[in-house]
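Heads up, the thing below is written out as structure tokens.
The values are calculated or read from the model by the stated rules, or taken from the named source; none is laboratory data. None of these values were measured; they are calculated from a predicted model. FYI the Cβ positions are ideal-geometry reconstructions off the backbone, even for glycines, and counts take in every protein chain you see.
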Amino acid sequence: MMQFVSNTGGGIPVDLETAILDGFASDGGLYVPSELPKISLEQLKKWRDLAYVDLAFEILSLFINRSVISEFELKKLLKDAYTPFEKPEVIPLYKMESQKDIHIMELFYGPTISFKDVGLAFLVNLVDFFLKRKNEFKSLIVATTGDTGPATAYFTAGKSNLSAWVLYPKGLITEEQERQMTTLTHSNIHPVGVSNCLDGGDDLDLVIANLYANIQFKEKVHLSSVNSINWGRVMMQTVHYFYGYLKVVETIGEEINMSVPSGAFGNLCAGGLARKMGLPIDKYVIANNTNACLHRIFSEGVFSKQPIFETPSSAIDILIPYNFWRFLYFCVDEDATKIKKWSDEFKTFGKVEFDKETLAAYSEGFLTASISDERTLEVIKEVYTTENYLLDPHGAVALAAVHDLKDILGDKKLVCLATAHPAKFPQVMKDALQVKTISEKGKHPSIEKAKTLREKVYLIDCYHLEEELLCRMNADWDLKHNTHN
Ligand SMILES: *Cc1c(COP(=O)(O)O)cnc(C)c1O
């Protein structure tokens, strides 16, 4: 029986349904599976030709007991989640022409055109499925650096057992991303534009943590989150690593490298776990922009909070990669007391220095790079000029990191994750290509349509955010639930 425990050791083991519906573990830690499933090369060979959704079914089945979700229900949930994707392959791979053995994994064909769709399409449907079965309701709250918000809002819109409060740092995401949230008309979607976020999206995470800590409030409005604190995101995101591997290798067992633009480490936590499960990845490249928190953690062993910079790859302008704690748990023999000690130390002092042995344990198989804004723009231009392919700024950070590290990476095949469609970042694309208007390749019909729609949004100053949310979320809950009595 697969169970889930807190990576900081509190509470009791729970089943998948509880882990998914609660978001955070009861002691404030992150849920992790009590045991990581192992996958043999024989198994990988059998999965070789599976379509994305069928592969997802196999991998998720390792974490989900049939008594929690039946085979029929899981297949239906997956089919419903990925049918709205624009490409039948769901996440196609593009083989570069100008650079040998580099494949771009295109994670941006979901309805809100970023990689967040890949995890959230399934997770939001799963939350809704559990709630309907129990006849319960939840208020979801998420903070976004630009892409989690649109995806959460899109998949939650119109779902009768859910409402979503979507917080974004006003001015620090693009207008295109903002409109993806504010132009939804459904009454269960509440976009909140927050001004004066000095630490960007991290400020919002802090407010959410405070709301969670307010037990009376949390229980009243049935608070939960689908940020990548939620195990469901990480679990679903393991699938694209397996899929990409199976698509590009000639022989199963051959080692390849992958490069991932990283912020909160939710995507690469899943990649790291996929490797621990048996996926033959030699090196993962952690690609940071100038907000190089992960770069420092993995190269120097220091986890510390630094001032934030605004960059062209704004979705990874993150100072606190909280999913690192989840990954670290599996690198220290699942010793929750260590994770508790370090995460408390970080909360108190804003800094942790890891000992040499721990650093060696978690950094094995990872390379890192911190890519400048200029270099990001250059790579967009280079790739466009040489092969008429438009990378978004985050994909460009990942590819630039590969160039920086090419001597160490050697000549193994490489998969570079492209996490957003360039249409979300028109100004960056114009700056990179030095043009005044963007060609059709850089546009997307959903973004064009959102430009014509009316906006609905709460604007709140960060200073008052917590009290305002307490008040509005309470009122919304009363309105929806007490009037039925
Ligand atoms: C969220 C996001 C990332 C970073 O993913 P993490 O899981 O936070 O590391 C990268 N690129 C884009 C476009 C994103 O939206």
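For this structure, a couple of remarks:
- Residue within segment 189-200 that is within 16 Å of the ligand (Cβ to nearest atom), over 24 Å from Asp27 (Cβ atoms) and part of a loop (DSSP other than H, G, I, E, B) present: yes
- Single match in Gly10, Gly23 (criterion: surrounded by 23 or more Cβ atoms within 10 Å (Cβ to Cβ) and more than 16 Å from Ser61 (Cβ to Cβ)): Gly23
- Every residue from segment 126-144 that is more than 12 Å from Ser228 (Cα to Cα) and touching an Asp or Glu at 6+ places or on another chain (Cβ under 6 Å): Phe130
- Segment 302-357, residues that are polar (S, T, N, Q) and in a strand (DSSP E or B): Ser304
- Matching residues, segment 220-244, being more than 16 Å from the ligand (Cβ to nearest atom) and either within 13 Å of the chain's Cα centre (by Cα) or in a helix (DSSP H, G or I) (or both): Lys220, Phe242, Tyr243
- Given (1) touching a Lys or Arg at 6+ places or on another chain (Cβ under 6 Å); (2) at pLDDT below 95; (3) of a type in the set (A, V, I, L, M, F, W, C), index of the condition Ile438 fails: (1)
- Scanning segment 360-396 for residues that are assigned to a helix (DSSP H, G or I), small (Gly, Ala, Ser) and surrounded by 20 or more Cβ atoms within 10 Å (Cβ to Cβ) gives Gly395, Ala396.
- Residues satisfying the stated conditions in segment 410-433, i.e. away from the ligand (no atom under 12 Å from the Cβ) and closer than 17 Å to Asp373 by Cβ: Pro426, Gln427, Met429, Lys430, Asp431, Ala432, Leu433
- Any hit, segment 422-434, residues being of a type in the set (A, V, I, L, M, F, W, C), surrounded by fewer than 17 Cβ atoms within 10 Å (Cβ to Cβ) and more than 30 Å from Leu206 (Cα to Cα): no
- Residue among Phe24, Phe4 that alone is aromatic (Phe, Trp, Tyr), at pLDDT 95 or above and either in contact with a Gly (Cβ under 7 Å, 6 or more places away or on another chain) or within 20 Å of Ser225 (Cα to Cα) (or both): Phe4
- Here Ser363, Ser370 are screened, and the one residue that is within 16 Å of the ligand (Cβ to nearest atom), under 26 Å from Glu300 (Cα atoms) and among the hydroxyl-bearing types (Ser, Thr, Tyr) is Ser370.
- Residue, nearest to Ala209 (Cα to Cα), within segment 444-457, restricted to residues that are buried (at least 16 other Cβ atoms within 10 Å of the Cβ) and not hydrophobic (A, V, I, L, M, F, W, C): Ser446
- Segment 458-485, subset within 23 Å of Lys170 (Cα to Cα) and of a type in the set (Ser, Thr, Tyr), residue surrounded by the fewest Cβ atoms within 10 Å (Cβ to Cβ): Tyr463
- Yes/no for Leu399 being in a helix (DSSP H, G or I) and within 16 Å of the ligand (Cβ to nearest atom): yes
- Meets criteria (closer than 26 Å to Phe346 by Cα and in contact with a Phe, Trp or Tyr (Cβ under 9 Å, 6 or more places away or on another chain)) for Lys218: yes
- Check on Lys76, part of a helix (DSSP H, G or I), away from the ligand (no atom under 16 Å from the Cβ), among the basic types (Lys, Arg) and in contact (Cβ under 8 Å) with a residue 12 or more places away in the chain: no
- Considering residues of segment 148-166 that are away from the ligand (no atom under 16 Å from the Cβ) and in contact with a helix residue (DSSP H, G or I) (Cβ under 6 Å, 6 or more places away or on another chain) only, the residue farthest from Ile316 (Cα to Cα): Asn161
- Lone unmet requirement of (1) surrounded by fewer than 19 Cβ atoms within 10 Å (Cβ to Cβ); (2) free of Cβ contacts under 8 Å to residues at least 60 places away in the same chain; (3) under 30 Å from Ala336 (Cα atoms) for Phe57: (1)
- Pairs with Cβ under 8 Å, 6+ apart, first in segment 209-222 and over 14 Å from Ser26 (Cα atoms) and of a type in the set (Val, Ile, Thr), second at pLDDT 95 or above and outside any helix (DSSP H, G or I): Val221/Ser139
- Test for Ile102: is it away from the ligand (no atom under 16 Å from the Cβ), crowded, with 17+ Cβ neighbours inside 10 Å, at pLDDT 95 or above and within 22 Å of Phe425 (Cβ to Cβ): yes
- Residue within segment 142-159 that is under 20 Å from the mean Cα position of the chain (by Cα), surrounded by fewer than 20 Cβ atoms within 10 Å (Cβ to Cβ) and more than 24 Å from Glu310 (Cα to Cα) present: yes
A quick yes/no check of all residues on (1) within 14 Å of the ligand (Cβ to nearest atom); (2) without any contact (Cβ under 8 Å) to a residue 40 or more places away in the chain; (3) touching a strand residue (DSSP E or B) at 6+ places or on another chain (Cβ under 8 Å):
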site: Ile113; (1), (2), (3): yes, no, yes
site: Asp117; (1), (2), (3): yes, yes, no
site: Val124; (1), (2), (3): no, no, yes
site: Leu131; (1), (2), (3): no, no, yes
site: Glu136; (1), (2), (3): no, no, no
site: Val142; (1), (2), (3): yes, no, yes
site: Gly146; (1), (2), (3): yes, no, yes
site: Tyr168; (1), (2), (3): yes, yes, yes
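- Hits in segment 245-264 (condition: under 22 Å from Ile408 (Cα atoms) and within 16 Å of the ligand (Cβ to nearest atom)): Met258, Ser259, Val260, Pro261, Ser262
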